[in-house]
Amino acid sequence: MSRITLSRYLIEQTRSNNTPADLRFLIEVVARACKEISHTVSKGALGGVLGSMGTENIQGEIQKKLDVLSNDILLEANEWGGHLAGMASEEMDNAYQIPGKYPKGAYLLVFDPLDGSSNIDVNVSVGTIFSVLRCPERNGAEGDLGEEAFLQPGTEQVAAGYAVYGPQTMLMLTLGNGVKGFTLDRELGSFILTHDNIQVPEQTKEFAINMSNQRHWDAPVSRYVDELLAGKTGPLGKDYNMRWVASMVADVHRILTRGGLFMYPRDSRDPSMPGKLRLMYEANPMSFIIEQAGGAATDGQQRILDIQPTSLHQRVPVFLGSKEEVARVTAYHQE
Ligand code: AHG
Ligand code: MN
Ligand code: MN
């Protein structure tokens, strides 16, 4: 059997699907950075990479050493190649400027360098999430790239993906024509196409939510989860199973593999925070991937990909996965 590497897949895409060569190069570089992060994560205590930095990011979250290391790996890998006009990340307050000594390119890269921080020190799957946008025309504008350039709805993404660092390291990618899954072959050092046609089943019996926040939920979410828990004898007429890894990459990966519904609703703990997950580098790339695999993603009111972002670190409620359940919980919000 001839093995299709990520590089070969991308070259074939430039031929058959008009994927521009600089986008291909960008994805290759991101994948290389993910390999390095995978390697760093896997060293754990032996590499002295566990534990906290003792610093906070803009969202007031304690930064783990691996949050910062992964962010640096992605910046260093991507800043010199000439394919980017700028980058933004969970771990940086503002847009990252491409250093003046390097050429600039047409794209913007937005990422969550390490998703699932609370799972790092306990050896549970974590990952990297990324989204690629086109940089709007700057009409000859000089000077720093501002945050406005990034504030495009998710429908404008030209590519999105994530790497999950679990029992296997995998890279899941969409260029807007379906979702492909690649598994890292550590001996070869290459991502190999192993999941050719990823489809999220329309129906499911599995859901994911952090139940400890139940008392803070809005009425539609409480009603819906009550119905899920009521099982066969309730209005939904079937028993549901629950899973919550607490790394979005791992929960979404399970849903891409066997279906399910992922929820991180808004809750009343902090009224200034409409949800926990961030639109630009968590909700949008994951929603693009899920939709490309035949699933759906909303914030309870509207399609996530249609939301016009207002700030780089904006948070949104997230309901994504199997179509039937996303439609149901969304309908409950609209009643
Ligand atoms: P991050 O580690 O990038 O801050 O993201 C963590 C997110 C997401 O991965 C996960 O689904 C969620 O936080 C878990 O939240 P709880 O701690 O409430 O379970
Ligand atoms: Mn995250
Ligand atoms: Mn993170």
request  = Please verify whether the stretch 226-238 includes one or more residues that are under 30 Å from S16 (Cβ atoms) and among the acidic types (D, E).
outcome  = no
ask   = Has the stretch 9-17 got any residue that is closer than 22 Å to N177 by Cα and in contact with a strand residue (DSSP E or B) (Cβ under 8 Å, 6 or more places away or on another chain)?
value = yes
inquiry  = So in the stretch 115-136, with the set limited to residues that are away from ligand 3 (no atom under 16 Å from the Cβ) and under 19 Å from V249 (Cα atoms), which one is farthest from the chain's Cα centre (by Cα)?
reply    = N123
message = Six or more apart or on different chains, Cβ atoms under 9 Å: show the pairs whose first residue is in the stretch 170-186 and free of Cβ contacts under 8 Å to residues at least 24 places away in the same chain and whose second is small (G, A, S).
response = R186/S38
ask   = Which of the residues belonging to the stretch 117-134 are more than 11 Å from ligand 2 (Cβ to nearest atom), touching a strand residue (DSSP E or B) at 6+ places or on another chain (Cβ under 7 Å) and assigned to a helix (DSSP H, G or I)?
value = I120
inquiry  = Test of understanding: among V221, V252, V225, which residue is in contact with an Asp or Glu (Cβ under 9 Å, 6 or more places away or on another chain) and among the β-branched types (V, I, T)?
reply    = V221
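I'd like to know if the stretch 261-273 contains one or more residues that are exposed (fewer than 15 other Cβ atoms within 10 Å of the Cβ) and within 16 Å of ligand 2 (Cβ to nearest atom).
Checked against the condition, which is being exposed (fewer than 15 other Cβ atoms within 10 Å of the Cβ) and within 16 Å of ligand 2 (Cβ to nearest atom), the stretch 261-273 yields at least one hit.
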query = Right, F191: in a strand (DSSP E or B) and touching a Ser or Thr at 6+ places or on another chain (Cβ under 7 Å) or not?
reply = yes
ask   = Would a scan of the stretch 197-218 turn up a residue that is modelled with pLDDT under 95, in contact with a strand residue (DSSP E or B) (Cβ under 6 Å, 6 or more places away or on another chain) and away from ligand 3 (no atom under 16 Å from the Cβ)?
value = no
request  = Of the numbered conditions (1) within 16 Å of ligand 3 (Cβ to nearest atom); (2) under 18 Å from V316 (Cβ atoms); (3) out of contact with any Leu (no Cβ under 7 Å at 6 or more places or on another chain), D267 fails exactly one; give the number of that condition.
outcome  = (1)
task = Please find, within the stretch 92-114, the residue that is farthest from ligand 3 (Cβ to nearest atom) out of those that are under 13 Å from D72 (Cα atoms) and surrounded by fewer than 24 Cβ atoms within 10 Å (Cβ to Cβ).
result = Y96
request  = Please enumerate the residues belonging to the stretch 37-79 that are acidic (D, E) and surrounded by fewer than 16 Cβ atoms within 10 Å (Cβ to Cβ).
outcome  = E56, E61, D72, E76
request  = Spot the failing condition for E202; the list is (1) in contact (Cβ under 8 Å) with a residue 24 or more places away in the chain; (2) part of a helix (DSSP H, G or I); (3) more than 16 Å from ligand 2 (Cβ to nearest atom); (4) acidic (D, E), and only one is missed.
outcome  = (2)
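The values are calculated or read from the model by the stated rules, or taken from the named source; none is laboratory data. Given the structure is predicted, the values throughout are model-derived calculations rather than measurements. Virtual Cβ from ideal backbone geometry, glycine too; neighbours counted across all protein chains shown.
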